[in-house]
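Everything on this sheet refers to the single structure shown next.
The values are calculated or read from the model by the stated rules, or taken from the named source; none is laboratory data. Quick caveat: nothing in here was measured; it's all calculated off a predicted structure. All Cβ positions, even for glycine, are placed from backbone atoms using ideal geometry, and neighbour counts span all protein chains on display. The accessibility values were calculated without ligands, DNA or RNA, using every heavy atom of the protein model including side chains. Shrake-Rupley method; radii C 1.70, N 1.55, O 1.52, S 1.80 Å.
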Amino acid sequence: AGTFNNILVERTGSNNQVGVITLHRPKALNALCDDLMTEMNTVLDDFEANSDVRTIVITGHGKSFAAGADIKEMADRDFIGVYSGNFLSHWDRVTRCTKPVIAAVNGFAFGGGCELAMMCDIIYASSSAKFGQPEIKLGTIPGAGGTQRLTRAIGKSKAMELVLTGDHISASEAERIGLVSKVFEGDQLLPETIKLAERIGAFSQPVLQMAKEAVNKSQELSLAEGLHLEKRLFHSSFATADRREGMKAFAERRAAEFKDE
Ligand code: CAA
């Protein structure tokens with residue numbers, strides 16, 4: 001995968017099936033500068049294309065997941081520049097991954113860091129993690145999904161409160177309101193996230209892809225359209241040998257052996 005300046009990349013889990021990206025800019029609490037996002041996109045392209053990688057984990061080095069977009073890099077930009085260059089448009093690569101992507105939020109997830117976590121499919125957090133959209137304090141607003149994904153995740157009143165005050169919430173609060181699915185003690189976060197990634201990775205890749213697509217579309221479609229899509233994807237799973245194997249294995253009281261077919 002080459003070497004990078006702002007991220008660490010490794011493969012772990014049985015058969016090295018889990019691809020891990022660690023945001024690594026210790027001097028800036030892993031703030032998401034342009035280079036970092038470009039590097040992450042390169043690795044995501046790589047992981048997507050490599051059939052040995054079954055699930056992807058994104059985490060942060062040290063006491064931060066990511067403290068947001070890089071404020072120093074943004075400070076001198078002007079309207080014409082950000083508008084005509086469509087600033088932050090390359091931030092959505094994660095949302096186009098077909099493989100499951102899990103965020104292991106180990107500390108600050110502020111601004112773009114919170115938005116990046118919300119682009120992932122599942123968020124696990126350490127007990128010291130903190131989430132917030134502090135852009136209002138900088139005289140701007142969230143620009144990578146914070147007003148939209150946060151509202152869908154935790155409801156309008158709570159999202160509005162966070163976005164209008166810039167306050168942050170603890171991991172346990174984030175779990176209580178459904179932003180995060182599980183919280184672990186700090187040293188357990190990554191091992192538990194990798195365990196989850198391995199468990200998910202054991203299922204049929206094309207069927208996982210259908211399941212992920214269906215859940216993600218629930219955020220965009222009307223109920224009727226979503227139910228229609230779900231039904232068609234459910235039907236599609238019957239075109240796979242893995243669906244046949246899964247049901248046969250159940251009847252024979254043995255573990256299914258999925259082949260991604
Ligand atoms: N961009 C650039 N540098 C950052 C940064 C950021 N988002 N966050 C922290 N840093 C840098 C600090 O400037 C500091 O560097 P120096 O030592 O060179 O001054 C270093 O990281 C350590 O930070 P602190 O000394 O502030 O650490 P702390 O533990 O006292 O505070 C913090 C931690 C509360 C997270 C604080 O750093 C902070 O508030 N950071 C900014 C958070 C923020 O506003 N994020 C939103 C950015 S805008 C955005 O993301 C737009 C969008 O929607 C995409």
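For the reader, a short list of remarks on this structure follows.
- Taken over region 3-22, the criterion of being open to solvent by 80 Å² or more (accessible area, probe 1.4 Å) and touching a Ser or Thr at 6+ places or on another chain (Cβ under 9 Å) is satisfied by Leu8, Glu10.
- Exactly one residue out of Asp70, Asp121, Asp76 is among the acidic types (Asp, Glu) and within 16 Å of the chain's Cα centre (by Cα), and it is Asp121.
- Of the criteria (1) within 14 Å of the ligand (Cβ to nearest atom); (2) assigned to a helix (DSSP H, G or I); (3) among the polar types (S, T, N, Q), which one Asn30 fails: (2)
- Residue list for region 219-244, filter: surrounded by 14 or more Cβ atoms within 10 Å (Cβ to Cβ) and part of a loop (DSSP other than H, G, I, E, B): Leu221, Thr240
- Residues that are farther than 22 Å from Leu88 by Cα and either out of contact with any Phe, Trp or Tyr (no Cβ under 9 Å at 6 or more places or on another chain) or open to solvent by less than 10 Å² (accessible area, probe 1.4 Å) (or both) within region 105-121 comprise just one, Gly107.
- Note on region 245-261: residues that are of a type outside the set (A, V, I, L, M), without any contact (Cβ under 8 Å) to a residue 12 or more places away in the chain and assigned to a helix (DSSP H, G or I) amount to 2.
- Pair list, Cβ < 8 Å and 6+ apart or interchain, from region 69-88 residues that are closer than 16 Å to Ile141 by Cβ to residues that are away from the ligand (no atom under 12 Å from the Cβ): Phe87/Gly81
- Test: Ala75 is among the hydrophobic types (A, V, I, L, M, F, W, C) and open to solvent by less than 50 Å² (accessible area, probe 1.4 Å): no
- Matching residues, region 42-75, being out of contact with any Gly (no Cβ under 9 Å at 6 or more places or on another chain), more than 20 Å from Ser14 (Cα to Cα) and either of a type in the set (Ser, Thr, Tyr) or away from the ligand (no atom under 13 Å from the Cβ) (or both): Asp45
- The set of residues in region 203-218 being farther than 14 Å from Asp260 by Cα and either of a type in the set (Val, Ile, Thr) or open to solvent by 90 Å² or more (accessible area, probe 1.4 Å) (or both) consists of Val215 alone.
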